[in-house]
1. Looking at segment 139-158, I want the residues that are within 16 Å of GLY85 (Cα to Cα) and have a partner that is assigned to a strand (DSSP E or B) and among the polar types (S, T, N, Q) with Cβ atoms under 7 Å, at least 6 apart or on another chain. Which pairs are those?
2. Touching a Leu at 6+ places or on another chain (Cβ under 9 Å), surrounded by fewer than 17 Cβ atoms within 10 Å (Cβ to Cβ) and either assigned to a helix (DSSP H, G or I) or not acidic (Asp, Glu) (or both): which single residue out of ALA100, ALA79, ALA63 fits that description?
3. Would you please list the contacts, defined by Cβ atoms under 7 Å and residues six or more apart or on different chains, that run from a residue in segment 175-203 that is within 15 Å of ASP71 (Cβ to Cβ) and of a type in the set (Gly, Ala, Ser) to a residue that is modelled with pLDDT under 95 and part of a loop (DSSP other than H, G, I, E, B)?
4. Look at LEU69 and say whether it is surrounded by 14 or more Cβ atoms within 10 Å (Cβ to Cβ), at pLDDT below 95 and either farther than 12 Å from GLU136 by Cα or among the charged types (D, E, K, R) (or both).
5. Taking the stated definitions as given, is THR142 more than 21 Å from LYS56 (Cβ to Cβ), assigned to a strand (DSSP E or B) and in contact with a strand residue (DSSP E or B) (Cβ under 9 Å, 6 or more places away or on another chain)?
6. Does segment 178-191 contain at least one residue that is in contact with an Asp or Glu (Cβ under 6 Å, 6 or more places away or on another chain), at pLDDT 95 or above and β-branched (Val, Ile, Thr)?
Amino acid sequence: MSARPARRSIVVATRNPNKLSELERILDSYELAPLPESVVLPPEDGETFVENALIKARAAQRATGGAVLADDSGIEAAALAGRPGVHSARYAGPEATDEANLALLLRELDGVEDRSAAYVCAIAHVAADGAETVTEARCEGTVATRPRGEGGFGYDPAFLPADVGDGRTMAELSVDEKHAISHRGRAARAIAATLAGGKGSRS
């Protein structure tokens, strides 16, 4: 019996255990490691999710010298001209909790008729040789009037994914249900397929 090939090792440019856990479940053919505590990432001052993902991935690759994945994700509310957008993780302030960010979004949408929104995720991979690959994916839906559910994180308790359509929030889905339709799941599967095909681009 032939031995299974060793899993490729990739550093994930995050210290968010929820993000790392989701990526580990989706990219189970890779050995994912969190960003070393000694690595300091630059400010995420890009204007798009792709720009921020690349900022983190490039900095982490320079610091570690190995292959790196970085994601940037958030929620865009149509009635708020796309806010919170790239500011989703710190919408209520630099040290805001998930609960505070969600509460602010719900206050801003209070009484608003158009509650359509989309989760967006960009994932950047920078290989040890500097080759770059980027994918971006969306999950369309609406924002509920109040949070429900104990799963997920971030804005999940108030996001009603259109792909499900049965009134459950993202936080009320099983882990497998969420990964099948989520923005991060779609972006991760896309980048895994691209990497498996040996494709990449330099910029």
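The values are calculated or read from the model by the stated rules, or taken from the named source; none is laboratory data. Not measured: the values here are computed from a predicted model. Methodologically, a virtual Cβ is constructed for each residue, glycine included, from the backbone with ideal geometry; neighbour enumeration extends over all protein chains shown.
1. THR142/SER116
2. On inspection, the qualifying residue turns out to be ALA79.
3. Listed by first residue and then by second, the contacts come to ALA188/LEU27; ALA192/LEU27.
4. No: the conditions fail for LEU69.
5. Taking the combined requirement at face value, the residue satisfies it.
6. yes
Yes or no, residue by residue, for (1) under 18 Å from the mean Cα position of the chain (by Cα); (2) of a type in the set (D, E, K, R):
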site: LEU105; (1), (2): no, no
site: GLY111; (1), (2): no, no
site: ALA122; (1), (2): yes, no
site: ALA127; (1), (2): no, no
site: GLU136; (1), (2): yes, yes
